[in-house]
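Below is one structure, written out as structure tokens, with a few remarks after it.
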Amino acid sequence: MLVMLTVKDLHVYYGGIHAIKGISIEVPQGVIITLIGANGAGKSSTLRSIAGLVRQKNGIISYNDEDISRLSPEKIVEKGIVLVPEGRKIFPNLTVMENLMLGAYLRKDEEGIKRDLEWVFELFPRLKERTWQKGGTLSGGEQQMLALGRALMGNPQLVMMDEPSLGLAPILVKEVFDIIKEINAQGKTILLVEQNAFAALNIAHYAYVLEVGQIVLKGPGEELIKNPQVREAYLGV
Ligand code: ATP
């Protein structure tokens, strides 16, 4: 399989705190990769580093064989990598449609934008019914859908998602994971960070377990789900 993204020996520092201590991951094209681990393990920091949002970092981050570790966040988005941040971060005072179109702000291909908007409305029919509603008045689940939809409007190749199921009711959690699978089936590569280890391992082709800034385990999702260490620490069984 063609490797799309490679992170090699990544270190991240926040002032004096050494938050990521040498993480290496590989994301092949077309798959779902997940990072699981307890609070503070460094999952978000890893995604934010790839997205160019972390200042103090060392290591190699290469995307389609190009070193992107020193590129600005804008340039990284241009390359086709998008981050759906934790806590949704939509624009509360803009309408659903305005939020979605902001996701396409770097694009000039009108036809492609139209096609992706239709696709987003197919994935999230609720958004289609609410195009004029202010983002901030949507329910938590709807805002999560809007955040995902906005990310897809940039026509990314690699979609990074930070805790997309956080704070959602169980029925919505299932919906979000079904949609992640569908987005992947439509050709997008996914790097997913989740606290919901069971659901994440269930859909992931390959997974990494992080503990205090390091990878302690890795393997296919279906293997890790059976691993006694993972079951005890992250699945509560
Ligand atoms: P969570 O699931 O709680 O979001 P996480 O696995 O995503 O956790 P990170 O958010 O990456 O973990 O945090 C890793 C470590 O870095 C933590 O100890 C955290 O306190 C620290 N950290 C993260 N962001 C900052 C920051 N901006 N300034 C200082 N320390 C930070």
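The values are calculated or read from the model by the stated rules, or taken from the named source; none is laboratory data. In this text, all values refer to a predicted model and were calculated from it rather than measured experimentally. Here the Cβ positions follow ideal geometry from the backbone for every residue, glycine too, while neighbour counts run over all protein chains shown. When the accessible area is computed, the model is the full protein with side chains, heavy atoms only, and any ligands, DNA or RNA have been set aside. Shrake-Rupley method; radii C 1.70, N 1.55, O 1.52, S 1.80 Å.
The separation of the range 154-178 from the range 15-64, counted between C-alpha centres, amounts to 19 Å.
Other residues with beta-carbon under 15 Å from the beta-carbon of GLN195 carry, at +1 per Lys or Arg and -1 per Asp or Glu, a net charge of -4.
Quick check: net charge around SER44, other residues with Cβ under 13 Å of its Cβ, Lys/Arg +1 and Asp/Glu -1? Surrounding charge for SER44 is -1. 3J(HN,Hα) along the range 174-179: 4, 4, 4, 5, 4, 5 Hz, from the Karplus curve 6.51 cos²θ - 1.76 cosθ + 1.60 with θ = phi - 60°, whole Hz, x for Gly and Pro. The phi torsions of the range 18-34, fed into the Karplus equation with coefficients 6.51, -1.76 and 1.60 and a -60° offset, translate into couplings of 8, 7, 10, 10, x, 9, 10, 9, 10, 10, x, 5, x, 10, 10, 10, 10 Hz, rounded to whole numbers, with Gly and Pro shown as x.
Carbon-plus-sulfur accessible fraction, the chain (probe radius 1.4 Å, protein heavy atoms only): 52%. The H on the amide N of GLY219, modeled in the peptide plane, is under 5 Å from the matching H of ALA207, each at least 5 residues off or on a different chain.
Other residues whose C-beta falls under 14 angstrom from the C-beta of LYS181 contribute a net charge of -2, scoring Lys and Arg +1 and Asp and Glu -1.
Given the alpha-carbon gyration tensor of the range 1-96, what are the semi-axes of its equivalent ellipsoid in whole angstrom, ordered largest first, with each equal to the square root of 5 times an eigenvalue? If you can, show how the numbers build up before the last one.
Details: eigenvalues 87, 69, 41 Å².
Output for the range 1-96: semi-axes of 21, 19, 14 Å.
Taking R0 as 25 Å, what FRET efficiency do you get between GLU211 and SER139 from their Cβ-Cβ distance, rounded to the nearest 0.05?
On the way: r = 34 Å, r/R0 = 1.35.
Plugging the Cβ-Cβ distance into 1/(1 + (r/R0)^6) gives 0.15.
Note on MET1 and TRP132: with the Förster distance fixed at 45 Å, the Cβ-Cβ geometry gives a FRET efficiency of about 0.55.
Over 18 Å between C-alpha atoms is what I'm after, so list which of LYS8/LYS218; LYS43/LYS79; LYS57/LYS79; LYS8/LYS43; LYS134/LYS181 land there.
Going by Cα-Cα distance, LYS43/LYS79; LYS57/LYS79; LYS134/LYS181 fall outside the 18 Å limit.
For the range 88-155, taking the reciprocal of the average inverse distance between every pair of different Cα atoms yields a Kirkwood hydrodynamic radius of 11.5 Å. Our estimate of slack between ASP67 and MET97, defined as 0.36 nm per intervening residue step minus the Cα-Cα distance, is 7.4 nm.
Let a ≥ b ≥ c be the square roots of the eigenvalues of the Cα gyration tensor of the range 102-237; is it rounded (a/c under 1.5), or, if not, prolate (a/b larger than b/c) or oblate?
Numbers: a/c = 2.50, a/b = 1.81, b/c = 1.38.
It comes out prolate by the Cα gyration axes.
Within the chain, DSSP assigns beta bridges of which about 55% are antiparallel (rounded to the nearest 5). The amide H of VAL84, built 1.01 Å from its N in the peptide plane, has MET160, MET161, ASP162 as neighbours under 5 Å, considering only residues 5 or more places off or on other chains.
Put simply, the amide H of GLY22, placed in the peptide plane, has neighbours under 5 Å in LEU10, HIS11, VAL12, leaving out anything fewer than 5 places away on its chain.
Among 102-112, 120-130, 23-33, how do they line up by average Cβ neighbours within 10 Å per residue, starting with the highest?
Descending mean neighbour count gives 23-33, 120-130, 102-112.
Karplus-derived 3J(HN,Hα) values for the range 61-70, using 6.51 cos²θ - 1.76 cosθ + 1.60 with θ = phi - 60°, are 10, 10, 10, 6, 6, 10, 6, 10, 5, 10 Hz; glycine and proline are entered as x.
A Förster radius of 41 Å, combined with the Cβ-Cβ distance separating GLU122 from ASN58, puts the computed FRET efficiency at roughly 0.45. A full extension of the chain between GLU26 and LYS226 corresponds to an added length of 69.8 nm, given 0.36 nm per residue minus the alpha carbon distance.
What are the semi-axes of the equivalent ellipsoid for the chain, taken as the square roots of 5 times the Cα gyration tensor eigenvalues, largest first, in whole Å?
Details: eigenvalues 155, 90, 55 Å².
Ellipsoid semi-axes (Å, largest first): 28, 21, 17.
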